[in-house]
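No value in this document is a laboratory result; all are computed from the given coordinates. Quick caveat: nothing in here was measured; it's all calculated off a predicted structure. Here the Cβ positions follow ideal geometry from the backbone for every residue, glycine too, while neighbour counts run over all protein chains shown.
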Amino acid sequence: MTPEMFLLILVVVAGAYMAWNIGANDVANAMGTSVGSGALTLKSAVIIAAILEFSGAFFFGSHVSETIQKGIVDAAVFSDPMIVVYGMLSSLLAAGIWLQIASYYGWPISTTHSIVGALVGFGAAVGGIEAVYWENVAFIATSWVISPICGAILSYGIFNVLRQRIFYQRHPVEAAKKMTPPIVFVVVFTLTSIMLYKGLTNIDIHFNFLQSLGISVLMGIIGFVISKICLRCIVPPVSKPAAVSEYHPEVSNQLEKARRHLLQVQAASSDVIQYQVSELLQEIGTLSDSLKRKEETGKESIEYAIVEKIFGYLQIMSACLMAFAHGANDVANAIGPLAAAISILTTGAIAESASIPLWVSALGGIGIVVGLATWGWRVIETIGKKITELTPTRGFSAEFGAAATILIASRLGMPISTTHTLVGSVIGVGLARGIEALDLRTTRYIFISWAITVPAGALIAIGLFYLTKALA
């Protein structure tokens, strides 16, 4: 066996190891909310994610892989092509090691942070400051901040619309039956359009904009019709008018208005009147909190339970979209450096552009699936249960908001953090119910783990590079 062949095998193993760790850690971003809300069992989540994660990685992953492969480190700075190979190998191993440590402790860290930090560490330490495309790194870093904010805003808005248009209506089941078909249309249309429009170039299938738009609309209409037919089987229960009047969410809105008026009275009064107003405010606060808990849990209403069941199926759809989006975006973290190293080892030179073979995309997809099936449960628990209490409606809002953000970023070639986006979306849904709905302790630990990831990946990569070069 030649040294080049041995090094090629090492690089492929390192890429598979990195992909395995992506599945072990980032799978929670695709399926954690579904498992946490009870829409899917862990076994069902693994099966669904295995299919969709692989599909996203295989059919759609190359767009972002080009950014990771060529947009972080300037390979032309290195006179010896083998230096780049050692760097890519060290970066894959460094990111994989750090991800494995995080997965063991259940920390939902960013795989994109890990690999980009490792590449920047190798490039800056070995090739100097000029070896790193800092403008691209700044662009990626900006997306790490923007993506959770966009995910949070979008999910916050989706969940509030669902509350206003369904839960705050007098007949929630009927309202859900009206809104569900359009939601299904949007979900199916989004997935299909982004997949078709230049999304299948890996397997040499091409659609122009109008073709992909037409097929996407057709698929959306089919989903709309199927959901409409299925919803006819759901018969809303007969509710007692008194129960509706007593627990209707609009009561909470009116109590909040009364509380604001009393605060103005309190500020303008003094002595006995101020004291009496304070007593009234305290009683209104207690009553409002009690009604809010009943509104949010929905356990007092059979109709709310039926609505949650409907959205349980919708959340499965959004989980599929999320899994596909995750596979499309995060497989780049494994196959980008792997493709660059393979290109150098097979041609003996640093190419300006290198195609990503289908078997490399397949390797990344398989690695993600295996990691998901073995260690994925560790981080699922953190995302699905420890940030905020999730129900199918909340989980759907978070997943669809995150998936839409991630798929748009994939189309733009931005290797955003799936972790940041999904956590931001879950936080957005939690904030829609008030800051007290969030577990701030867990959230703080997640933010700290994010801050540590980039320097950890960089330092491990630098150490592994010099070790690999010494042993070569």
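Couplings 3J(HN,Hα) for segment 32-49, derived from phi with the Karplus relation 6.51 cos²θ - 1.76 cosθ + 1.60 (θ = phi - 60°), are x, 5, 5, 5, x, 7, x, 5, 9, 7, 4, 5, 5, 4, 5, 5, 5, 5 Hz, where x marks Gly and Pro.
A protection proxy built from the mean count of other Cβ atoms within 10 Å ranks the segments 381-393, 209-221, 363-375, most packed first, as 363-375, 381-393, 209-221. As a rough footprinting exposure proxy, the listed residues T2, T346, T192 were ranked by other beta carbons within 10 Å of their own, and the order from fewest upward is T2, T346, T192. Both radii were evaluated on the Cα set of the chain; the Rg over Rh quotient, with Rh as the Kirkwood radius, amounts to 1.06. Among I83, I344, the ranking by other beta carbons within 10 Å of each residue's beta carbon, starting with the fewest, stands as I83, I344.
Given N residues in segment 376-472, what is Rg(Cα) / (2.2 N^0.38 Å)? Could the numbers behind the result be given before it?
Details: Rg = 17.2 Å, N = 97, 2.2 N^0.38 = 12.5 Å.
Scaled against compact globular proteins, the figure is 1.37.
Rounded to the nearest 10 degrees, the angle from helix 81-105 to the longest Cα principal axis of the chain is 30 degrees.
With K and R counted +1 and D and E -1, the other residues having a Cβ less than 12 Å from that of I158 yield a net charge of +2.
Working value for segment 333-401: equivalent-ellipsoid semi-axes of 38, 14, 10 Å, each the square root of 5 times a Cα gyration tensor eigenvalue, largest first. Each part reduced to its alpha carbon centroid, segment 96-153 and segment 328-347 end up 16 Å apart.
By the scheme Lys and Arg +1, Asp and Glu -1, what is the net charge of all other residues having a beta-carbon under 15 Å from that of A267?
Details: positive: R259, R260; negative: D271.
So the surrounding residues net to +1.
Here the label points at F6 and L263, each 7 Å from Cα along the C-beta direction, are separated by 7.2 nm in the simple model.
Among I109, I226, a tally of other beta-carbon atoms within 10 Å of each Cβ gives an order, fewest to most, of I226, I109.
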